[in-house]
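Comments concern the structure below.
The values are calculated or read from the model by the stated rules, or taken from the named source; none is laboratory data. Note that the structure is predicted; figures quoted are calculated from it, not measured. Note that each Cβ is placed from the backbone with ideal geometry, even for glycine, and that neighbours are counted across all protein chains shown. Remember, those area values only see protein heavy atoms, side chains included, never the ligands or the DNA or RNA. Shrake-Rupley method; radii C 1.70, N 1.55, O 1.52, S 1.80 Å.
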Amino acid sequence: MSSFLAYVADNYEILIQYTMQHLRIGMLAVSAAILIGMPLGLFISRIPWSRRPVLGCASIMQAVPSLALMGMFIPLIGIGDKTAITIIALYAILPILRNTYTGLTNIDQSTLEAARGIGMTERQILFKVQLPLALPVIMAGVRVAAVSSVSTATLAAFIGGGGLGKQIQAGIQIISTNMILSGAIPACLLALLMDYLFGLIEKAVVPISLRLASSAIDRAAVERMKRSRRRTFIIAGLVLAIFLGSMVYESIDWDEDDKLVIGTTEYIELRIISQIYKQLIEDRTDVTVELNNAMGSFLIVWEALKADEISGVPGYTGTYYSTVLGQPLYPGITADEIYDKIEVALEDYDVTAAGQLGPNNQYVFAVKPELAEKYGLETVSDLQAIAPQLTVGCSPNFYSRDIDGLVPACEEYGLKFKNALTLGAAPMYLALENDEIQVIVTYKTDGLLQKYDLVFLEDDKEFFPPYVLFMMIDDAILEEHPEVLDACMELEFAISDQEMQDLNYRGAELGEEPADIAHDFLVEKGLLAE
């Protein structure tokens, strides 16, 4: 507990920022759901034949997995908060829509007939009778949608958005309980807060005449209820004002045009590297660097760069050469050949390759020493005979790659594993240690290799190309600030494979912050003053 509290105390600023982002995403989503769900509920209550198709479509949308919706909407909308808000809002529509319809159609018909009998028009009946009587049921649906939206706002982190999901996702990668809890606990508390506030509003909107039996109606009781309703609406108004204020604050580009946004996945190595570039660029130039280190996958990062949603990306030459840019691979291709071809290919996207950092984070198959000794495993080809007895573990990114991923690698080597599991970096090593998997596909510079004594199997068919870390910068930034390129080039071949593994170990195993690791490295190399 003490270590958790110390972590929160050291990182409270970023946690507050993530919490406000999380709240904004959830509340914007439920606001959009209200604007869509309530009118639709009113529509289907007035047009009976539309009930089945509208509710059916809403139910189908609710049943679609969120990962599938991400895949559908990213090409249409892009990445970031706006896509997350759209997806969460689609999930929030159904309870609001259904409760609006139920509330409006379950009103006692004798009440409506009485309203018509005193000469009220249909419009007057709707706004003075039906809606006031239906509000408690409608608000119950809004309450469910609000809690659900705030709870599921963590998915924004997987598509480059903000919120507490970034903290949880980063913690899972290195199995940091403090990081996971510092994201999960505020997310849980926000959901409970929303449940409490909307519960008060739900109670407040119930007409006083419905909350009191006729014998209990007296002037004092009515006044107490009116005061309670006023307090509730004041509290709701204050919360709304804070919410709107945070939206306005976040929407202002305080750094104006002198800002470089570097985007990466949550992988600890890329978080460290992005900090190295950030600190050196800010030291050498007047440009402010902002980091987005939780973008789900390298393909999301690439789409964001093409869409000008980010302006700098550290990546791996082999990945961008084959999977992103679609260039042909062949055995024995060299690191320089790949980088030269990437430089040319990036020109079509108005992006500049800003130098190779040095480490070759090549994919490798690895096993425990006892398994290697038992079966005499030295090369990947040696796995062919025993692969049907083994389970392989790898990252989701590697599993999904269609050129240099798990499936094409297995086809090249004739491997047919018993099962294949996709895991984060640290969980993969734990699964290997617990013998839940027997083979892993990892990276040569992975910091956790210093903790686990594994045997690397030689890529005897030279299937995997070099994966040298390099930097890409949007040409629009370089046109205004050419000094950014000069700063990046200072880092060319500045890090060896072993140095990168040491830096990764400090982040993945020792739990040090990427910013501190990067600063120490730059100081040690003489690139920054103490």
*Carbon-plus-sulfur fraction of the accessible area of the stretch 250-362, 1.4 Å probe, in percent?*
42 percent
*Using a 1.4 Å probe and ignoring any ligands, DNA or RNA, find the accessible area of LYS82 and quote it in Å² to the nearest 10.*
90 Å²
*Can you give the translational diffusion coefficient of the stretch 458-501 in µm²/s, computed by Stokes-Einstein from the Kirkwood radius over Cα pairs at 10 °C and 1.306 mPa s?*
121 µm²/s
*Any of LYS341/LYS368; LYS418/LYS461; LYS341/LYS461 with alpha carbons more than 31 Å apart? Name them for me.*
LYS341/LYS368
*the stretch 408-510, accessible surface, carbon-and-sulfur percent (1.4 angstrom probe)*: 46 percent
*How far apart, in nm, are the 7 Å Cα→Cβ label points at GLU524 and TYR349?*
3.1 nm
*Tell me, what is the Rg over Rh of the chain, with Rh the Kirkwood radius over Cα pairs?*
1.07
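Taking K and R as +1 and D and E as -1, what net charge do the other residues with C-beta under 11 Å from the C-beta of GLN279 add up to?
Working: positive: LYS278, ARG284; negative: GLU282, ASP283, ASP516, ASP520.
Summing Lys/Arg as +1 and Asp/Glu as -1 gives -2.
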*J(HN,Hα) series, the stretch 223-232, from Karplus relation 6.51 cos²θ - 1.76 cosθ + 1.60, nearest Hz, glycine and proline x*: 5, 4, 5, 5, 5, 5, 5, 4, 4, 4
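For the chain, what is the mean residue ellipticity at 222 nm derived from helices alone (per DSSP H run of n ≥ 4: -39500 (n - 2.57); sum divided by total residues; nearest 500 deg cm²/dmol)? Walk me through the numbers before you get to the answer.
Working: 23 runs with 307 residues, N = 530.
The helix-only estimate for the chain comes to -18500 deg cm²/dmol at 222 nm.
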*Convert each backbone phi in the stretch 9-19 into a coupling constant with the Karplus relation 6.51 cos²θ - 1.76 cosθ + 1.60 (shift: θ = phi - 60°), then list the ³J(HN,Hα) values in order as whole Hz, x for Gly and Pro.*
4, 6, 10, 5, 5, 5, 5, 5, 4, 5, 5
*Sticking to Cα atoms, compute the Rg of the stretch 81-175 to one decimal and its Dmax as the biggest Cα-Cα distance, whole number, in Å.*
20.1, 69
*Descending principal axes extents, the stretch 1-147, alpha-carbon based, whole Å*: 68, 36, 22
*Roughly what would the spin-label model give for MET61 and ARG231, points 7 Å off Cα along C-beta, in nm?*
3.8 nm
*Set the Förster radius R0 to 22 Å, insert the Cβ-Cβ distance between ILE47 and ILE118 as r into 1/(1 + (r/R0)^6), and round the FRET efficiency to 0.05.*
0.25
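Return one quarter of the surface area of the convex hull spanned by the alpha-carbon atoms of the stretch 373-530, equal to its mean projected area, in nm². Show your work: numbers first, answer last.
Numbers: hull surface 46.4 nm².
Answer in nm², one decimal: 11.6.
On average, how much accessible surface per residue is there in the chain, in Å², for a 1.4 Å probe, leaving out ligands, DNA and RNA?
Dividing the accessible area of the chain by its residue count gives 46 Å².
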*Taking H placed 1.01 Å from N in the peptide plane, check which residues at least 5 places from GLY355 or on another chain put their amide H under 5 Å from its amide H.*
MET471
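What percent antiparallel are the DSSP beta bridges of the chain, to the nearest 5? List each step's numbers first, then the result.
On the way: 18 of 31 bridges.
Within the chain, antiparallel bridges account for around 60 percent of the total.
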*Assigning unit charges at the beta carbon (Lys, Arg +1; Asp, Glu -1) and nothing else, what dipole magnitude in debye, to the nearest 20, does the chain show about its Cα centre?*
5400 debye
*Determine ³J(HN,Hα), in whole Hz, for all residues of the stretch 36-49 in sequence, where each value follows from phi through the Karplus function 6.51 cos²θ - 1.76 cosθ + 1.60 and θ = phi - 60°; x replaces Gly and Pro.*
9, x, 5, x, 5, x, 5, 4, 6, 6, 8, 10, x, 5
_To make sure I understand the rule: partners must be lysines, Cα under 25 Å from the Cα of LYS525, and not fewer than 8 residues away in the same chain. Which ones qualify?_
LYS278, LYS444
_Quick query: amide H of LEU164 versus all other amide H atoms, modeled in the peptide plane; which residues come in under 5 Å with a sequence gap of 5 or more or a different chain?_
HIS22
*Non-local amide H neighbours of LEU260 (under 5 Å, H modeled in plane, Pro and chain starts lacking H): which ones?*
THR288, VAL289, GLU290
*In the stretch 30-76, carbon and sulfur make up what percent of the accessible area (probe 1.4 Å)?*
77 percent
*asked:* If you average the C-alpha positions of the stretch 19-35 and of the stretch 119-174 separately, how far apart do those two centres end up, in angstrom?
replied: 7 Å
